[in-house]
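The values are calculated or read from the model by the stated rules, or taken from the named source; none is laboratory data. It should be emphasised that the depicted structure is a prediction, and the values quoted were computed from it without experimental measurement. Glycine also receives a Cβ, built like all others from the backbone with ideal geometry; neighbour counts cover every protein chain displayed. SASA here: full protein model, heavy atoms, side chains in, ligands and nucleic acids out. Shrake-Rupley method; radii C 1.70, N 1.55, O 1.52, S 1.80 Å.
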Amino acid sequence: MRKAARAATTAIYPPLRARAFVSPVTEYDVSSLSGLEREFRPPFVAVPSPDRSEWPEIPEVDVSFVVPCYNVERYVRECVESILAQRTSHTFEIVAVDDGSTDSTGTVLDELAAEDSRVRVIHQANCGFSGARNTGLEKVRGGVIVFVDSDDNIPEASVELLMAPLADSTIGFVSGGVVSIDESGALRNGGKSTLAGGTPWGHAFRRELWRRIELPEGYWFEDTVLKYCIYGMWKEAAIEGVVYNYRNNPTSISHTSKRSKKSLDTVWIVQQMILWRRALGGAFDQFMFDQTLKQFGMLAYDRLTALDDAEMRSAFALMCDILASVPEFEEMQTTMQGRWPDVLLALRTRNFKLWSLACYFL
């Protein structure tokens, strides 16, 4: 319905945009966010400081699979067994982190570990997906790290497909094809695959990429760390083969965030990731500029629907402030076409009306 509405009204966009250009621009501030910040914002961490002291100096296996597990008794055996079934000459281990599950997940994992020595299980109090992945990262013994969510699974050729490009020492990480599956494991969308994007899963990372970073804990949209601290800093190899089966989950953050004001994390995490990238010596180049614009365009517009009008305008003002806080961005223009130049103009002139209109038509 929304797409149809956009298509039906595209013809009237130019005059609306023109009126937005000449309308008075209000200097919105961030005051309406103070209460929400106290309630929802995780502790601010200006510089990542992960502990990698347990990593062996020389990797003991080729690949470490990190599998965060929370209340997934229905799927976790299928997930782990799909990894164990890999047809590969590469050695690997599975570091499964039981993140305080209250169902039989932990028991299933212990059974799998008893059946196969390649499975190691860590039981901990609930810390969330980032906390579980970070625990797994601390314990890996492999030279390459692959994340697999415990309600998903991988095809039997995944390791071979992902490891082949890493024979080139200049490649930092590999991204493969992802297909969507339903609750029963059957392919959705006719089995059409897409290239893994800014998610932890669907990739193989040299462990060095994670030596100085971790997943930001307490945040929704924690995978933003990949966009700011891995993409554009390390060379990527993209492959066509399918390496990951993603189970569509209606209870995931991407589905539920629109109903909660905790979705403000989509703005706050960018503020923190900009500081992390600078601490890591990453460039604030055209790639990073366009990436930040994407974060503050339709992603924010679609995620922040739980905010009232005053809160939404304050969130917009914060996005304007964050974009303006990066000196390297001051003279840049976006390379993206369509309505993106309007999104940029709105953020630079603090024009909320234009921003809303441009994001609606993206």
Original post:
In degrees, nearest 10, range 0 to 90: what is the angle between the Cα axis of helix 128-139 and the longest Cα principal axis of the chain?
Top reply: 50
**OP:** Among S184, V121, I145, flag the residue with its Cα farthest along the positive direction of the charge dipole of the stretch 99-191, charges on Cβ as +1 for Lys/Arg and -1 for Asp/Glu.
**Re:** I145
**OP:** Calculate how steeply helix 309-324 sits against the longest principal axis of the alpha-carbon atoms of the chain, using the helix alpha-carbon long axis, and give the answer as 0 to 90 degrees to the nearest 10.
**Re:** 80
**OP:** Measure off 7 Å from each Cα along the Cα-to-Cβ vector at E81 and A238, then give the distance between these two points in nanometres to one decimal.
**Re:** 3.5
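What do you get for Rg/Rh over the chain if you use C-alpha atoms and the Kirkwood form of Rh?
Values: Rg = 21.7 Å, Rh = 21.9 Å.
We get a ratio of 0.99 for the chain.
Magnitude of the Cβ-charge dipole of the stretch 131-239, K/R +1 and D/E -1, about the Cα centre, nearest 20 debye? Each step should come with its number before you reach the end.
Numbers: 11 positive and 15 negative charges, 87 e Å.
In total the dipole reaches around 420 debye.
Order L345, L307, most accessible first, counting only protein heavy atoms with a 1.4 angstrom probe.
Working: L345 65, L307 20 Å².
The ordering from most to least exposed comes out as L345, L307.
What is the magnitude of the charge dipole of the chain about its Cα centre, with +1 placed on the Cβ of each Lys and Arg, -1 on the Cβ of each Asp and Glu, and no other charges, expressed in debye to the nearest 20? Don't jump to the answer; show the numbers that get you there.
Working: 38 positive and 48 negative charges, 324 e Å.
Here the chain has a charge dipole of around 1560 debye.
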**OP:** Of the listed pairs K139/K235; K192/K235; K192/K262; K192/K353; K139/K294; K262/K353, which have alpha-carbon separations greater than 31 Å here?
**Re:** K192/K262; K192/K353; K139/K294
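Once you sort the root eigenvalues of the Cα gyration tensor of the stretch 310-355 as a ≥ b ≥ c, which label holds: rounded (a/c under 1.5), prolate (a/b larger than b/c) or oblate (the other case)?
Numbers: a/c = 2.68, a/b = 1.26, b/c = 2.14.
It comes out oblate by the Cα gyration axes.
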**OP:** Return the calculated 222 nm mean residue ellipticity for the chain, to the nearest 500 deg cm²/dmol, obtained by summing -39500 (n - 2.57) across DSSP H runs with n ≥ 4 and dividing by the residue count.
**Re:** -10500 deg cm²/dmol
Subject >> Packing-based order for 154-162, 219-227, using average beta carbon neighbours within 10 Å, highest first >> reply: 219-227, 154-162
Original post:
Once the piece of chain linking S49 and A157 is laid out straight, how much longer is it, given 0.36 nm per residue of separation minus the C-alpha distance between them?
Top reply: 35.4 nm
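Classify the stretch 58-206 as rounded, prolate or oblate from the Cα gyration tensor: take a ≥ b ≥ c as the square roots of its eigenvalues, call it rounded if a/c is under 1.5, otherwise prolate when a/b beats b/c and oblate if not. Mind showing how you got there, number by number?
Working: a/c = 1.59, a/b = 1.17, b/c = 1.36.
Taking the square roots of the gyration eigenvalues as a ≥ b ≥ c, the stretch 58-206 is oblate.
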